[in-house]
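Accompanying notes for the structure given below.
The values are calculated or read from the model by the stated rules, or taken from the named source; none is laboratory data. Just so it is clear, the structure is predicted and the values come from calculations on it, not from any experiment. Note: ideal-geometry Cβ built from the backbone for every residue, glycine included; neighbour counts use all protein chains shown.
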Amino acid sequence: MAMAITAAAAVARPTPRVLHTTQKVRWVFTPLAFSSSSSSSSSPSAARKLVLYSKPGCCLCDGLKEKLHAAFSLSGPDSLHDVDLQIRDITSNPEWERAYQYEIPVLAKVLSDGTEETLPRLSPRLGVELIQKKIAAAFKHDEL
């Protein structure tokens, strides 16, 4: 029943833009989301970028991906519909694997200068609405 509500809600709003490096997921892919640094930085909607470091077979990663998908489809004052999400498989890059092998899933927001800031770890028990609010608050902190 909850899946039917989520699917119906996703039809009414823009689908989140997701760039996924190695695994296929059921989200809309925009491979060029991170390709242009000058044109994307001038648009306010393109400035909000989020990276999820994960790996195949990680149940915590899979659970967070599902909750992020649901959070991106929610509307309201904390809407994430303009956030570009890139999912990075740490097994595809030795540097990512060394940095995050014991920490995944890891969420990081991409700052205006292209560097990444790791967000506080989200508990697997958090509900979708709270995840949406925490991510929105991380982006609002930069706007102040």
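Some notes on this structure:
- Residue within segment 48-68 that is at pLDDT below 90 and outside any loop (DSSP other than H, G, I, E, B) present: no
- Residue check, SER112 touching a Ser or Thr at 6+ places or on another chain (Cβ under 7 Å) and among the polar types (S, T, N, Q): yes
- Every residue from segment 88-106 that is part of a loop (DSSP other than H, G, I, E, B) and either small (Gly, Ala, Ser) or under 15 Å from the mean Cα position of the chain (by Cα) (or both): ILE104, PRO105
- For segment 61-74, taking the residues that are closer than 16 Å to LEU119 by Cα and touching a Pro at 6+ places or on another chain (Cβ under 7 Å), the one that is surrounded by the fewest Cβ atoms within 10 Å (Cβ to Cβ) is identified as CYS61.
- Residues that are surrounded by fewer than 17 Cβ atoms within 10 Å (Cβ to Cβ), on the phi < 0 side of the Ramachandran plot and among the small types (Gly, Ala, Ser), drawn from segment 106-136: SER112, SER123, GLY127
- Inter-residue pairs, beta-carbon under 6 Å, first farther than 17 Å from ILE87 by Cβ and touching a residue at least 60 places away in the same chain (Cβ under 8 Å) and in segment 113-131, second of a type in the set (Gly, Ala, Ser) and surrounded by 15 or more Cβ atoms within 10 Å (Cβ to Cβ), 6+ apart: VAL128/ALA70; VAL128/ALA71
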